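Q: Input: one structure, supplied below.
Rule-based calculations on the coordinates, nothing more; no lab input. Note that the structure is predicted; figures quoted are calculated from it, not measured. So basically every Cβ, Gly included, is an ideal-geometry build from the backbone, and we count neighbours across all protein chains shown.
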Amino acid sequence: MKKILAVILSIAMLLLGTACGAQTPDKKDTVKTAKSETVKTTENNAKETAPIKIKITAKGKTLTAVMENNATVQAFVKKLPVTLPMQNLYSREMCYHYGSGSLPTGMLRSDGYQVGDIIYWPPRGSFVILYEQNGELFERQHMGHTKDNVDFFRDAGDVDVTFELIRE
């Protein structure tokens, strides 16, 4: 509760200073609270919540995926650009096995998936693009989704897939 009050007080002080014509902090500035905690400015928070987009290239096709901003995606983005030798598995997914525990996870889910979902399956450390629906429910960390047509993966076999961060 004290932390929340300190954050609210810091934001109020920042807004009050801005309203009075004080110089607004630049993107690198932070606000110090009474307990010396650092609170990022609103401008920085907006950057952190901006969608993370990646370019996926395979078999001469290019896809764009919008990724969530979670610990799994942040760890994956640090590896970019990367080309992964992905296996075509179970007539539904392109898969690369990083190995168990290779990427951090947060909120695992066990509901249905959508064609085009990009997920991480923790038990084998599998990074997966789901291209076919079979109705299976399984525990996974959702990472993102592409609305582009992923049907070409059906006949792609095992293939190298390149992932790059799109900087906007």
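Q: Count the net charge of all other residues whose Cβ sits under 14 Å from the Cβ of Gln133, scoring Lys and Arg as +1 and Asp and Glu as -1.
A: Its environment carries a net charge of -4.
Q: Please give, to one decimal in nm, the separation of the simple spin-label points placed at Thr83 and Asp111, each 7 Å out from Cα toward the Cβ.
A: Using points 7 Å along Cα→Cβ, the separation is 3.8 nm.
Q: Can you compute the modelled spin-label distance between Thr162 and Leu137, with each label point 7 Å from Cα toward Cβ, in nm?
A: 4.0 nm
Q: Let me ask something else. Please list, ordered by chain and number, the residues whose modelled amide H lies under 5 Å from the amide H of Ser102; skip anything fewer than 5 residues away on the same chain.
A: Answer set, sorted by chain and number: none.
Q: Tell me the net charge near Trp121. Cut-off is 13 Å between Cβ atoms, Trp121 excluded, with +1 for each Lys or Arg and -1 for each Asp or Glu.
A: Neighbourhood net charge equals 0.
Q: Count the net charge of all other residues whose Cβ sits under 11 Å from the Cβ of Cys95, scoring Lys and Arg as +1 and Asp and Glu as -1.
A: With Lys, Arg at +1 and Asp, Glu at -1, the neighbours total 0.
Q: Taking the Cα centre of the range 126-168 as origin, sum charge times position over the Cβ atoms of Lys and Arg (+1) and Asp and Glu (-1), and report the length of that vector in debye to the nearest 20.
A: 180 debye
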